Each structure stands twice: as C-alpha cells, then as structure tokens.
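A short write-up of the structure that comes next.
The values are calculated or read from the model by the stated rules, or taken from the named source; none is laboratory data. This one's a predicted model, so the numbers in the text were calculated from it and none came from an experiment. Ligands, DNA and RNA are stripped out before the accessible areas are found, and what is left, the full protein with its side chains, is counted by its heavy atoms. Shrake-Rupley method; radii C 1.70, N 1.55, O 1.52, S 1.80 Å.
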Amino acid sequence: MGGIFPRSQAARLAALLGQQFVPGLTCLEGPPRRGKSDLLHQVFQALLQQRAVAPVLLRLGHRRLPEGAAEQVAAQVVEFAEGRLRSPLALLDRARLVERDDLATWHDFLAACAGAPSPERFFAGVGLLAETVGPICLLLDDAPEEC
C-alpha cells in the first residue's frame with residue numbers, strides 16, 4: 001500500500017473524524033492511480049484503531065452504489081460494534097443480527113435501502129442508522145476493480 005499520500009495524512013484525517021465527527025459528504029478527487037484508494041484504506045484502518053467512529057469502506061461500481069450496499073454497511077457497522085471488524089470485506093451474518101437487541105433498527109435500515117436505492121435514499125438511511133447506533137464514516141472508493 002504505497003500511494004503518494006503519506007500514512008500520517010491518513011492518521012490526521014482519522015483523528016479529525018474521531019474527535020468531532022460531523023456527518024457530511026466529502027469528495028476526494030484526483031487523477032487515476034494517484035493513491036486515493038490507498039489513502040481511503042489507511043483512513044479506514046486508522047478509524048478502526050481509534051474506535052470512535054464506525055468506518056465503512058464501499059467500492060463504487062462505475063460511480064454507483066454497489067449492489068448490496070446496505071448489507072455491506074450493516075455488516076461493517078455490526079462487526080465494528082462487536083469489535084470484530086478487521087477489513088471492509090465483512091459479510092452480513094443475518095443469524096447474528098437476529099440475536100441483537102437493536103434488530104428492529106437494522107431491519108428498518110435494510111428494508112429502506114433494499115434493492116438499488118437512490119443515493120439520496122441510501123445516505124438518508126445511513127444517517128438515520130447513525131442516529132441510533134452511533135457515528136458512521138462512509139469511505140467511498142470509485143477506483144475500478146482492477147486497481
């Protein structure tokens with residue numbers, strides 16, 4: 001993971017997000033193959049270490065939300081809450097979800113974002129989820145799969 005962004009930059013970004021998290025949408029722009037994905041992965045790992053904000057890393061498909069984006073958010077946030085999240089590749093364990101006290105919250109979120117929701121509906125759903133389960137930081141990576 002050696003992009004052009006230094007690891008200290010990712011740590012500083014994660015520290016800012018962890019100290020005074022303000023929900024919002026930020027776009028990281030730049031030419032292809034210049035380390036943006038690397039920086040997102042570094043911020044993800046730094047947020048994992050801080051444990052203040054639940055990081056969620058989603059790879060966009062052709063600048064669109066991936067199919068199953070709500071399930072990916074749910075999986076990563078639940079794994080984070082239970083201290084088991086290690087990478088953004090967490091799969092949603094529905095049996096474990098049923099065992100949770102906040103099952104209704106997750107059911108409502110997954111139902112609201114079912115199928116291929118509009119970005120507005122998806123972000124609104126994540127915002128409502130964050131009001132219940134705590135701060136969530138969405139890191140959206142638009143790099144093509146082959147990167």
Quick check: is even one residue across the range 100-110 farther than 24 Å from Q50 by Cα and among the hydroxyl-bearing types (S, T, Y)? yes
Look through the range 91-129, keep the residues that are of a type in the set (G, A, S) and under 16 Å from the mean Cα position of the chain (by Cα), and return whichever of them is least open to solvent (accessible area, probe 1.4 Å). G125
So for the range 72-87 (the condition being of a type outside the set (A, V, I, L, M), open to solvent by less than 40 Å² (accessible area, probe 1.4 Å), at pLDDT 85 or above and assigned to a loop (DSSP other than H, G, I, E, B)), does at least one residue qualify? yes
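Can you give me the ranges of the helices (runs of 4 or more DSSP H) entirely in the range 90-145 with at least 2 residues that are among the small types (G, A, S) and over 16 Å from G68 (Cα atoms)? Quick ask: steps written out before the conclusion?
Working: elements: 94-99, 103-112, 119-133.
Qualifying helices (runs of 4 or more DSSP H): 119-133.
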